[in-house]
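Structure first, then comments.
The values are calculated or read from the model by the stated rules, or taken from the named source; none is laboratory data. Just so it is clear, the structure is predicted and the values come from calculations on it, not from any experiment. FYI the Cβ positions are ideal-geometry reconstructions off the backbone, even for glycines, and counts take in every protein chain you see.
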Amino acid sequence: MNGEELTEQETALYDRQIRVWGVDAQRRLSKSHILVSGLTGTVVEFCKNIVLAGVGSLTLNDDRPVTTELLSANFLIPPDESVYREKPLADLCCDSLKDFNPMVRVSVQKGDLSSFDVQFFDKFDAVVVSSCSLNTKKSVNEKCRKSSKRVAFYSVDCRDSCGELFVDLQDYTYSKKKIDEMTECRLQFPSFEEAIAVPWRSLPGRLSKLYYAMRVIERFEELEGRKPGQTSAADLPNILNLRKELCEAHSLSESQIPDALIERLLAGTREFPPVCAIVGGILGQEVIKAISGKGDPIKNFFFFDAMVGKGVIEDIAKRDNEAEQFQIGCLEGCLEVD
Amino acid sequence: MATEQQLSAIKGSKVLMVGAGGIGCELLKTLALSEFQDIHIIDMDTIEVSNLNRQFLFRQSHVGQSKAKVARDAVLKFRPNISITPYHANVKDPDFNVDFFKRFSVVLNGLDNLDARRHVNRLCLAAGVPLVESGTTGFLGQVTVHVKGRTECYECQPKPAPKTYPVCTITSTPSKFVHCIVWAKDLLFAKLFGDKNQENDLNVRSSDASGSSEPAEDVFEHKKDEDVEEYGRRIYDHVFGHNIEVALSNEDTWKKRNKPRPIYIKDVALAEVIQQNGNLDKVPVSTDPLSVSAMTTIGLKNPQDVWSLAENSRVFLEALKLFFLKRGKEIGNLSFDKDDQLAVEIVTAAANIRASSFGIPLHSLFEAKGIAGNIVHAVATTNAVIAGLIVIEAIKVLQDDVKNYRMTYCLEHPSRKMLLMPVEPFEPNKSCYVCSETPLTLEINTSRSKLRDFVEKIVKAKLGMSQPMIMHGHALLYEVGDGLEEDMATTYAANLEKVLAQLPSPVTGGTVIMVEDLQQELTCTINIKHREEFDGEKEPDGMILSGLTEALVQKNDEASKENGASTSNVSQTVSVEAEEDDELQILPAVSGLAGKKRKLPDNANSSNSDLSGVIDETKIPRKAIDREDSEAVVVLDGNGERKKKRGQ
């Protein structure tokens, strides 16, 4: 990171963003390696953002053939069947993304995400997964954690006009500007498995309802062996039963997970492009922050619902006394400006 | 996914986008994916290299082409069956009149300047078309909805104006680097290379020199036989040495200030400077005058480095020499352009030498260019988020879903856990001179100010009118337009040069005049109040317009600097309108929300909330919570709780 200067070409191209995050961050970006798996509209938005920002490399993983549904929020692939039936989704996106910024290496990794081992994830600085099963999500997150260096893990899913983003930066140290000085901050992130294991009754009463709704649907898909997003309005009665069970087990009132919200999430099988842009934009910003080690990251969930219009951060982690004290101490150090 | 009702509203709509830049590219893409079928897009700009990091519809090979047209072609590749109509034109062109605007269901702004925003606001009001307005800078952004009679218009709230500085701060007592930049750009650069007939305050006036005669010759004149290098050294000594000595002679000025140090070329590693003689031969021959560079000649490579005084002096002399040797023809007609490398170099060097004199920290060329060129920070992600929010609001507008309209702020530091904060729009401001046509009052010296002063300083600069017509009762005093009779044009031209009280229909204290812009269909009533004297320093226009939601000058540099650049190495010193990008300087409006301002002491807070313009930040959380129903995603005030505990 030291001493190497950006080329004249880089300085000219990245001028406006260097004015936002500085040269050092730009250098770190240009040496970073990102993996994305599951090329949903939201992930495609994210890819556009970080390729433009100038990461070192981007690896795409998604062997699915292209369907009209997958294309509904995808601006990388022309809707011409004679073109898109030839190649899997990742290859087509790769062809198009390469064009966005000649300074970024974009490539495709074939294979099933769940089959990759720790050494594979070790090559990356950040891993973003979308529309993968609960099990895969947990296991990829764990592999990132077992890696010899810190691999940031993100999962993102959009349903109807709602989006959920999860962030695991493990033990994360970063700097932020406070008045005119840079201060160091440290945060401990739980894994996805740890976060969702936190009993619901111990969570704040006004937590985003979207969090619970997404857990119910995720659990349903797991129990039924469905692929992510492979649900429909016909599943509503069964899902409402599951909601009842889960709420009872967690001593949470069912009113915290309104029927109307679940209905919306089930009915909307296609993504809503404005929400893809918003959540993909926030995700891009988060990955850039994590790579540059600058600025407060989202800890550890972000929710957006277009019907309400709020983009909310929720911190969902087990709070034994010690951990809580540590976190609050750090938060005050970081967030309060006197 | 959009609902059936949403889709039918989307498919039946015809939308006008103004701006195909950073927000515009993202917006056009998201509109197309969201199944909008009929999109018109206006942008007068062509594509530049520095756009490519975020305006993702453009490639290197498109540099120089129309943004609107290239954006259309790029989007049609993935949505070939929709209709996109591009206009490579200025939205202020008369073709885009009220009738043109009436053809659209909604207008979506992704603009880069206040002037065009005000113009579009007025046309939307006149045409009765809803407007969704937006802006971003760095990680901050906002989307607002303006529907006539339902919500406030874009001009109901004051907007932050470009910062101005008192003349004496620039000419004699700079205390910040930006003062040195303004001096180098607006005074020195203009004096050396600009129009010689322009007034210029470069030479400080010695307070007791008013009686003595002006020097017979202009020191800035390059004499025919004078060696260019000798000329450069003479200029150097004059502006950085002699002028500082003159300033020092005004002892009163320095009683409470640190005295500046005169700098002469002989004091600054002259040997090094002389070594550079003859290096010009090594400069690669370039056909593009904008690529001539003194830095390159001297061997300075990194624009991020802060040069020493000696290096700045070398750049200054070298750049001056190159202007005369390589670009002699342009001298006398140049004005500063941030894309002109040599101009940026000489302004950076001069500002740094002056900063050395005054004990102000020096800055790199990269930073100096940002300040001198009013370059707005911009990243793709914020533009993408803002474009998504625009489409969400546009769909509500198409469905006439008034109760759900929101202004949304994209924050850098979460406030009440929110990164995206929706707020209910405000009602129209009943005293807004634009949407409520409330009369204004003008204090002016009617026996000294000419009609021209009134047209330039009030009608154009303050009221933002481009095709004004000025009336006193039934008498027409002034009018512009293509269809004017020759004799009328002559009369108006003559009127411009008359003082107000001597116009054919005299304008004096108590007179009511009407100013109308035919394109904007906006009429302003102005009550004239005669006033004899104005303070030249505080009221440089010599006239005061009140009753207008006036553009406010930023008072608290430090606060905005801190808010605006908190994850940045680059401090933003000036709050100014963007010149080329698609981003509005919304920073003061949002900075208050960004979590820091509310912790400032009360006085700092109030001076800053003056600029927030769009919104009073103290109202936001309350409003946001008031309208929350129990089904909504509820936000817990975590910060507030912690604050209370600390307070106990």
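Being assigned to a loop (DSSP other than H, G, I, E, B), closer than 25 Å to B:Leu419 by Cα, of a type in the set (A, V, I, L, M) and at the interface with chain B (Cβ under 7 Å from one of its Cβ atoms) narrows it down to one of A:Val312, A:Val308, A:Val275, so name that one.
A:Val308
Among the residues that make up the range B:480-492, is at least one of them closer than 20 Å to B:Met543 by Cβ, aliphatic (A, V, I, L, M) and not assigned by TED's automatic domain parsing to the domain that holds B:Thr151?
No, the conditions are met nowhere in the range B:480-492.
Give B:Val391, B:Val397, B:Val344, B:Val385 a once-over and let me know the one that is assigned by TED's automatic domain parsing to the domain that holds B:His146, touching an Asp or Glu at 6+ places or on another chain (Cβ under 9 Å), buried (at least 24 other Cβ atoms within 10 Å of the Cβ) and among the hydrophobic types (A, V, I, L, M, F, W, C).
B:Val385
Scan the range B:106-123 for residues that are in contact with a helix residue (DSSP H, G or I) (Cβ under 8 Å, 6 or more places away or on another chain) and either over 15 Å from B:Ser13 (Cβ atoms) or surrounded by fewer than 18 Cβ atoms within 10 Å (Cβ to Cβ) (or both) and jot them down.
If the condition is that a residue be in contact with a helix residue (DSSP H, G or I) (Cβ under 8 Å, 6 or more places away or on another chain) and either over 15 Å from B:Ser13 (Cβ atoms) or surrounded by fewer than 18 Cβ atoms within 10 Å (Cβ to Cβ) (or both), then B:Asn109, B:Gly110, B:Leu111, B:Leu123 are the ones that fit.
Could we say that A:Ala73 is over 30 Å from B:Ser50 (Cβ atoms), touching a residue at least 12 places away in the same chain (Cβ under 8 Å) and surrounded by 14 or more Cβ atoms within 10 Å (Cβ to Cβ) here?
Taking the combined requirement at face value, the residue does not satisfy it.
Quick one: which residue in B:Arg72, B:Arg122, B:Arg117 is part of a helix (DSSP H, G or I), charged (D, E, K, R) and under 30 Å from A:Glu69 (Cβ atoms)?
When all the criteria are applied, what remains is B:Arg72.
Please indicate, with yes or no, whether at least one residue in the range A:253-268 is within 21 Å of A:Val156 (Cα to Cα) and at the interface with chain B (Cβ under 7 Å from one of its Cβ atoms).
Yes, there is a match, as at least one residue in the range A:253-268 is within 21 Å of A:Val156 (Cα to Cα) and at the interface with chain B (Cβ under 7 Å from one of its Cβ atoms).
Check whether at least one residue in the range A:81-91 is in contact with a helix residue (DSSP H, G or I) (Cβ under 7 Å, 6 or more places away or on another chain), under 26 Å from A:Ser148 (Cα atoms) and not basic (Lys, Arg), and report yes or no.
no
Search the range A:48-62 for residues that are under 20 Å from B:Asn51 (Cα atoms) and pair each with any residue that is at pLDDT 95 or above and acidic (Asp, Glu) when their beta-carbon atoms are under 7 Å apart and the residues are at least 6 apart or on different chains.
Sorted first by the residue in the range A:48-62, then by its partner, the list stays empty.
Test B:Thr408 against the criterion of being β-branched (Val, Ile, Thr) and facing another protein chain (nearest Cβ under 8 Å), and give yes or no.
Taking the combined requirement at face value, the residue satisfies it.
Within the range B:478-498, can you find the residues that are under 31 Å from the mean Cα position of the chain (by Cα) and under 19 Å from B:His530 (Cα atoms)?
Once the filter is applied, which keeps residues that are under 31 Å from the mean Cα position of the chain (by Cα) and under 19 Å from B:His530 (Cα atoms), the range B:478-498 yields B:Leu496, B:Glu497.
Give just the number: which of (1) assigned to a loop (DSSP other than H, G, I, E, B); (2) within 21 Å of B:Lys417 (Cβ to Cβ) does A:Thr231 not satisfy?
Unmet for A:Thr231, out of (1) assigned to a loop (DSSP other than H, G, I, E, B); (2) within 21 Å of B:Lys417 (Cβ to Cβ): (2).
Do you know which residues across the range A:138-164 are closer than 28 Å to A:Gly309 by Cβ and more than 11 Å from the chain's Cα centre (by Cα)?
Once the filter is applied, which keeps residues that are closer than 28 Å to A:Gly309 by Cβ and more than 11 Å from the chain's Cα centre (by Cα), the range A:138-164 yields A:Arg159, A:Asp160, A:Ser161, A:Cys162.
Among the candidates B:Ser8, B:Ser61, B:Ser13, B:Ser50, single out the residue that is modelled with pLDDT of 95 or more and polar (S, T, N, Q).
Going through B:Ser8, B:Ser61, B:Ser13, B:Ser50 in turn, the sole match is B:Ser13.
Does B:Asp73 count as acidic (Asp, Glu) and either more than 14 Å from chain A (Cβ to nearest Cβ) or in contact (Cβ under 8 Å) with a residue 12 or more places away in the chain (or both)?
So B:Asp73 fails the test.
Restricting to the range B:470-527, name every residue that is touching an Asp or Glu at 6+ places or on another chain (Cβ under 8 Å) and at pLDDT below 90.
Once the filter is applied, which keeps residues that are touching an Asp or Glu at 6+ places or on another chain (Cβ under 8 Å) and at pLDDT below 90, the range B:470-527 yields only B:Met488.
Considering only residues that are among the hydroxyl-bearing types (Ser, Thr, Tyr) and within 14 Å of another protein chain (Cβ to nearest Cβ), which ones fall in the range A:165-201?
Residues satisfying the conditions are A:Tyr174, A:Ser175, A:Thr183.
Might you check whether a residue that is of a type in the set (D, E, K, R) and surrounded by fewer than 21 Cβ atoms within 10 Å (Cβ to Cβ) occurs anywhere in the range B:15-34?
No - not one qualifying residue is present in the range B:15-34.
Residue by residue, here is whether (1) in contact with a helix residue (DSSP H, G or I) (Cβ under 8 Å, 6 or more places away or on another chain); (2) part of a helix (DSSP H, G or I); (3) on the phi > 0 side of the Ramachandran plot holds:
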site: B:Lys223; (1), (2), (3): yes, no, no
site: B:Arg233; (1), (2), (3): yes, yes, no
site: B:Asp237; (1), (2), (3): yes, yes, no
site: B:Phe240; (1), (2), (3): yes, yes, no
site: B:Asn243; (1), (2), (3): no, yes, no
site: B:Val246; (1), (2), (3): no, yes, no
site: B:Thr253; (1), (2), (3): yes, yes, no
site: B:Lys256; (1), (2), (3): no, no, no
site: B:Pro262; (1), (2), (3): yes, no, no
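Test of understanding: among A:Lys244, A:Lys299, A:Lys289, A:Lys209, which residue is farther than 28 Å from A:Arg64 by Cα, over 16 Å from the mean Cα position of the chain (by Cα), crowded, with 20+ Cβ neighbours inside 10 Å and charged (D, E, K, R)?
Only one candidate passes the filter, namely A:Lys209.
Return a yes/no flag: does the range B:170-177 have any residue that is aliphatic (A, V, I, L, M), part of a helix (DSSP H, G or I), without any contact (Cβ under 8 Å) to a residue 60 or more places away in the chain and not assigned by TED's automatic domain parsing to the domain that holds B:Phe316.
yes
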